[in-house]
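Visitor: Please find one structure pasted underneath; my questions will follow.
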Amino acid sequence: MQVAFVDLKAQYQSIKRDIDSAIEKVITDTAFIGGKYVKAFEQEFASLYGIKNVIPCANGTDSLYIIMKMLGIGAGDEVITVANSWISSSETITQTGAKPVFVDAEPVYYSMDEKKLEPAITGKTKAVIAVHLQGQMCNIAEIKRICTRRNIQLIEDCAQSHFSEMNNIRAGITGIAGSFSFYPGKNLGAYGDAGCIVTNDDDLAQKCRMFANHGALKKPYHVIEGINSRMDGMQAAILSAKLPYILEWTEKRIAVAVLYNQYLQGIKDIILPAVRPATKHSYHLYVIRAKRRNGLMNYLKEEGIETVIHYPTPLPFLPAYDYLGHTRNDFPVAAELQEEILSLPLFPELTQAQIEYISGHIKKFYKDQGYV
Ligand SMILES: *Cc1c(COP(=O)(O)O)cnc(C)c1O
């Protein structure tokens, strides 16, 4: 049996008619950039997600950059984010001219350790980018309290957490703005690059919309200089076609995780993902911690099972951040996680037979090694 890490073909086959007709309409209307399909997706996503403003843009990296720029963040400022994220969370800080400051992960849920946030705040700290990794909310309620007390802006990186919740509040709604990616492999994925900003702040929404469109709300009235970060009509139409299925797909992801939890129970050399109390995990990823992780990964590969490490190197240990001079001791939890984490295949169409196959091989690996 071959099991892909994410099988985008299976999803396309299940909604082929919707997608094909959406694409055909965009071409017939030649509504390639901006236009009515982008407007329609914007309104549909805002209404389904429960937020006032959705500002479409080219990807989920630009969205972070645009938010920070429009909050006035720049040279001389510091912005805090978590050590174990994707580089978008930190490279966009540098793009604004500000300095990225990292906080370690915590060991149970792998997101920003809110207890280590306050000590990282200085007189220069302007914002925190809280990342909801793997589909699991970070402790956004506590991070929000700290940011409010210290008069710091809170931005949420929701690229991995479409429709995740804490205390019934969705990712992206607690902070001043949230940033989403619609990269093909994300829980809601386009067929190319796309992203958006969500915010209930009308003033910030207007500024972001302008900045993403060369500084103009209406061409050619450029109020400021901006950037070119627009969503394609084709991507918007594809996202609109997928939107009616997203809640069902999220439930299917949760069901996959429940099955993994059952089948993988009792293997003492792996730790299963823990769910933070009062949250809804949208399972962008199902991440286990595994002893002899590299051996397990190779064995699964030989058996046709594709797994991925998210991420092999925490951000502060990447060559890109050598200049900050960090060592493993600065981020001990992220450093430990990097040796053990492994993301198992997860997508809504993953079958029970596939989950059994994967789990069976994980068990067999540890049994053959005399570990179970
Ligand atoms: C995917 C991702 C992004 C960036 O998304 P792109 O659309 O690929 O630019 C940002 N942050 C996190 C945590 C991500 O996983």
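Visitor: Pick from region 161-179 the residues that are of a type in the set (Val, Ile, Thr) and assigned to a loop (DSSP other than H, G, I, E, B): which of them is farthest from residue 347 (Cα to Cα)?
Guide: In this case the residue turns out to be 176.
Visitor: Take the residues in region 76-134 that are open to solvent by 50 Å² or more (accessible area, probe 1.4 Å) and part of a strand (DSSP E or B); name whichever of them is nearest to residue 315 (Cα to Cα).
Guide: 99
Visitor: Tally the residues that are out of contact with any strand residue (DSSP E or B) (no Cβ under 9 Å at 6 or more places or on another chain), aliphatic (A, V, I, L, M) and open to solvent by 30 Å² or more (accessible area, probe 1.4 Å), restricting the search to region 209-242.
Guide: The number of residues fulfilling the criteria is 2.
Visitor: Shifting gears a bit: Just to be sure I understand, how many residues within region 193-207 are open to solvent by less than 50 Å² (accessible area, probe 1.4 Å) and not in a loop (DSSP other than H, G, I, E, B)?
Guide: 7
Visitor: Next question. Looking at residue 154 and the list (1) buried (at least 22 other Cβ atoms within 10 Å of the Cβ); (2) in contact with a helix residue (DSSP H, G or I) (Cβ under 6 Å, 6 or more places away or on another chain), which single condition is not satisfied?
Guide: Here residue 154 clears every test but (1).
Visitor: Hey, another quick one. Criterion first (out of contact with any Pro (no Cβ under 8 Å at 6 or more places or on another chain) and among the aliphatic types (A, V, I, L, M)) does residue 288 satisfy it?
Guide: no
Residues checked against (1) free of Cβ contacts under 8 Å to residues at least 40 places away in the same chain; (2) closer than 22 Å to residue 133 by Cα; (3) out of contact with any Asp or Glu (no Cβ under 9 Å at 6 or more places or on another chain); (4) of a type in the set (A, V, I, L, M, F, W, C):
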{"position": "313", "(1), (2), (3), (4)": "yes, yes, yes, no"}
{"position": "318", "(1), (2), (3), (4)": "no, yes, yes, yes"}
{"position": "321", "(1), (2), (3), (4)": "no, yes, yes, no"}
{"position": "337", "(1), (2), (3), (4)": "no, yes, yes, yes"}
{"position": "340", "(1), (2), (3), (4)": "no, yes, yes, no"}
{"position": "345", "(1), (2), (3), (4)": "no, yes, no, no"}
{"position": "350", "(1), (2), (3), (4)": "no, yes, no, yes"}
{"position": "363", "(1), (2), (3), (4)": "no, no, yes, no"}
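Visitor: Look at region 267-289 and say how many of its residues are away from the ligand (no atom under 16 Å from the Cβ) and closer than 25 Å to residue 89 by Cβ.
Guide: Number of matching residues: 11.
Visitor: Step by step: first the residues of region 145-160, then only those that are part of a loop (DSSP other than H, G, I, E, B) and within 14 Å of residue 177 (Cα to Cα), then the one that is farthest from the ligand (Cβ to nearest atom). Which residue is that?
Guide: So, considering only residues that are part of a loop (DSSP other than H, G, I, E, B) and within 14 Å of residue 177 (Cα to Cα), the one farthest from the ligand (Cβ to nearest atom) is 152.
Visitor: Still on this model: Looking at the structure I just gave you, is residue 190 within 22 Å of residue 18 (Cβ to Cβ), open to solvent by less than 10 Å² (accessible area, probe 1.4 Å) and either in contact with an Asp or Glu (Cβ under 7 Å, 6 or more places away or on another chain) or without any contact (Cβ under 8 Å) to a residue 60 or more places away in the chain (or both)?
Guide: Against the criterion (within 22 Å of residue 18 (Cβ to Cβ), open to solvent by less than 10 Å² (accessible area, probe 1.4 Å) and either in contact with an Asp or Glu (Cβ under 7 Å, 6 or more places away or on another chain) or without any contact (Cβ under 8 Å) to a residue 60 or more places away in the chain (or both)), residue 190 qualifies.
Visitor: When you go through (1) surrounded by fewer than 24 Cβ atoms within 10 Å (Cβ to Cβ); (2) over 23 Å from residue 25 (Cβ atoms); (3) away from the ligand (no atom under 16 Å from the Cβ) one by one for residue 245, which number turns out not to apply?
Guide: The single condition residue 245 does not satisfy is (2).
Visitor: If you don't mind, there's one more thing I want to ask. When you scan region 16-40, how many residues do you find that are loosely packed, with under 12 Cβ neighbours inside 10 Å and part of a loop (DSSP other than H, G, I, E, B)?
Guide: Counting residues in region 16-40 that are loosely packed, with under 12 Cβ neighbours inside 10 Å and part of a loop (DSSP other than H, G, I, E, B) gives 1.
Visitor: Just checking, how many residues over region 172-187 are away from the ligand (no atom under 11 Å from the Cβ) and either surrounded by 24 or more Cβ atoms within 10 Å (Cβ to Cβ) or without any contact (Cβ under 8 Å) to a residue 12 or more places away in the chain (or both)?
Guide: 4
Visitor: Only one residue in 13, 43 is surrounded by fewer than 16 Cβ atoms within 10 Å (Cβ to Cβ), in contact with a strand residue (DSSP E or B) (Cβ under 9 Å, 6 or more places away or on another chain) and assigned to a helix (DSSP H, G or I). Which one?
Guide: 43
Visitor: Restricting to region 49-75, name every residue that is more than 18 Å from residue 207 (Cβ to Cβ) and either buried (at least 24 other Cβ atoms within 10 Å of the Cβ) or within 16 Å of the ligand (Cβ to nearest atom) (or both).
Guide: 59, 60, 61
Visitor: For residue 45, which of the numbered conditions (1) closer than 29 Å to residue 337 by Cα; (2) within 16 Å of the ligand (Cβ to nearest atom) fails to hold?
Guide: Here residue 45 meets the rest and fails (1).
The values are calculated or read from the model by the stated rules, or taken from the named source; none is laboratory data. Quantities reported herein were computed from a predicted structural model and do not represent experimental measurements. For neighbour counting, all protein chains shown are included, and Cβ atoms are generated from backbone atoms with ideal geometry for every residue, glycine included. For accessibility, only protein heavy atoms count, side chains too; no ligands or nucleic acids. Shrake-Rupley method; radii C 1.70, N 1.55, O 1.52, S 1.80 Å.
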